[in-house]
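Student: Sharing a structure with you now.
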Amino acid sequence: MQEALGHWKRFAALATVWLNRYQSDPFFRTEINVIALQISFGLVILGLVGISFTLLYRDITTAIVEGIRASTAGSSPEILANAIVGKLQQIRSANMFTIAGAVVLTTVLFGWIVARLTLAPARNALASQKQFIGNIAHEIRTPLSVIKTNTEVTLLDQNLTAELKQTLHSNIEELDRISDIINNLLSLSALVRPDRIEFTTIDLTNVVTETVEKYSPLAKKNEIEITLRKSPEQKVWGSKTALQQIIGNILKNALTYTPRQGHVTVTVEPTTEGIALMVEDSGIGIARKDLFRIFEPFYRSDQSRTRNTGGSGLGLAIVSELVKLHQGKIVIRSAVGRGTTVAVYFPAARRHAEVGGKELREGQNEIAVDFSSRQR
Ligand code: ADP
């Protein structure tokens, strides 16, 4: 009795430890849930097999009994056997399909549940990571702007040597670069709460025109000619700030990755796939292996890293999240050394029939990320 009580106490203590771990450790919880699911899967399959055997047994006995009953007194055992075999074959085909269908359906259903369960901690970790990045970025922003202001104030001092002035100017440039990264990180983390972004009807042509004007000093500095081709009044359902950021990030890339004397053409036009915003440059292009990864946060091609363009690899990650929120689609075509075209299609209330997709030219690669059919 005493011994049984001891065993029971040890078991209860162990169960409490496991229960606590189950509640506090998401990975342990997933492991246990997946094991439990696999056991239930096994039980369901066993149940299916059991039911199939019972039904088969019933059908077979019925077939034999009916076969014997139906045979006339004078019929030979061979005729009787053939009748029963024919009936049994019918039963076998009908049952095979039902059992196979049930097993396949159950396997798919359990597979789907297991996949969702296993991915849940990873999804949550990603969301907390974005939140964490956002919090840090928020904390760094204020001291950064204080350092920048102090540096600017110090620069006003007439007694500074030319060398020191140069150093302070380059400090300010670097601080601006960090500020850019911080702002991008904040945008990315703000996308964890997309419900806070306000949507209205917006004239895309207007936003594009304003953004192109905003970036014309950079184009001038980099000696790149921008051509704007626009159709008037292209209304889309969206957020003005988000649209400015989409266009700005794409245009900034075109201006950054295009050598001097290059061309960038920005087009807004209605197409069969929605209102299109296209940014075409005559720049360095993107290699096929990079094309599939440029939407990942912090991903930068080797080429752009060696060119020391000062980017953070966050621009297109933000663009893809924002386009997803607008239920749009992004298509990027690029050929190394010849240029890149980034096209974003926004759903419009009014669809236009004429312009179709352009053919791929020799040496060009394409990637399309379509969010149009997904739920917001
Ligand atoms: P970054 O801040 O590095 O520009 P992005 O996320 O905007 O980050 O872009 C990711 C990478 O995609 C860039 O580092 C660059 O390698 C490549 N890329 C984007 N746009 C272009 C373009 N128009 N031409 C060439 N490469 C580009």
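The values are calculated or read from the model by the stated rules, or taken from the named source; none is laboratory data. Values in this document were obtained by computation on a predicted structure and should not be read as measured data. Using ideal geometry, Cβ is built from the backbone for each residue, glycine included, and neighbour counts are taken over all protein chains shown. When the accessible area is computed, the model is the full protein with side chains, heavy atoms only, and any ligands, DNA or RNA have been set aside. Shrake-Rupley method; radii C 1.70, N 1.55, O 1.52, S 1.80 Å.
Student: All but one of (1) small (Gly, Ala, Ser); (2) modelled with pLDDT under 95; (3) within 11 Å of the ligand (Cβ to nearest atom) hold for Gly328; state the number of the condition that does not hold.
Tutor: Result: Gly328 passes all but (3).
Student: Which one of Arg177, Arg141 is open to solvent by 70 Å² or more (accessible area, probe 1.4 Å) and in contact with a helix residue (DSSP H, G or I) (Cβ under 6 Å, 6 or more places away or on another chain)?
Tutor: Selected residue: Arg141, the only one of Arg177, Arg141 that is open to solvent by 70 Å² or more (accessible area, probe 1.4 Å) and in contact with a helix residue (DSSP H, G or I) (Cβ under 6 Å, 6 or more places away or on another chain).
Student: Take Asn150 and tell me if it is open to solvent by 80 Å² or more (accessible area, probe 1.4 Å) and part of a helix (DSSP H, G or I).
Tutor: Yes.
Student: Right, here's the next one. How about region 23-60: which of its residues are of a type in the set (Ser, Thr, Tyr), closer than 24 Å to Pro121 by Cβ and open to solvent by 70 Å² or more (accessible area, probe 1.4 Å)?
Tutor: Ser24 - this is the single residue of region 23-60 that is of a type in the set (Ser, Thr, Tyr), closer than 24 Å to Pro121 by Cβ and open to solvent by 70 Å² or more (accessible area, probe 1.4 Å).
Student: Also, I was wondering about something else. How many residues are surrounded by 12 or more Cβ atoms within 10 Å (Cβ to Cβ) and of a type in the set (Ser, Thr, Tyr) when one looks only at region 61-71?
Tutor: The number of residues fulfilling the criteria is 2.
Student: Does at least one position in region 204-212 carry a residue that is surrounded by 15 or more Cβ atoms within 10 Å (Cβ to Cβ), modelled with pLDDT of 90 or more and either assigned to a strand (DSSP E or B) or of a type in the set (Phe, Trp, Tyr) (or both)?
Tutor: Within region 204-212, none of the residues are surrounded by 15 or more Cβ atoms within 10 Å (Cβ to Cβ), modelled with pLDDT of 90 or more and either assigned to a strand (DSSP E or B) or of a type in the set (Phe, Trp, Tyr) (or both).
Student: Quickly run through region 306-325 and pick out the residues that are near the ligand (Cβ under 7 Å from one of its atoms) and either modelled with pLDDT of 95 or more or not small (Gly, Ala, Ser) (or both).
Tutor: Of everything in region 306-325, those that are near the ligand (Cβ under 7 Å from one of its atoms) and either modelled with pLDDT of 95 or more or not small (Gly, Ala, Ser) (or both) turn out to be Thr309, Leu314, Leu316.
Student: Separate question: Can you name the number of the only condition in (1) exposed (fewer than 12 other Cβ atoms within 10 Å of the Cβ); (2) in a helix (DSSP H, G or I) that Asp157 fails?
Tutor: Unmet condition: (2).
Student: A follow-up question, please. Sort out which residues of region 75-119 are open to solvent by less than 40 Å² (accessible area, probe 1.4 Å), within 30 Å of Ala36 (Cα to Cα) and among the hydrophobic types (A, V, I, L, M, F, W, C), and write them in order of number.
Tutor: Correct list: Ala102, Phe110, Val114.
Student: Assess whether Leu277 counts as being within 29 Å of Leu186 (Cα to Cα) and either polar (S, T, N, Q) or more than 12 Å from the ligand (Cβ to nearest atom) (or both).
Tutor: yes
Student: Please pick out the residue among Gln90, Gln38, Gln129 that is over 30 Å from Leu186 (Cα atoms) and free of Cβ contacts under 8 Å to residues at least 12 places away in the same chain.
Tutor: From the options Gln90, Gln38, Gln129, the qualifying one is Gln90.
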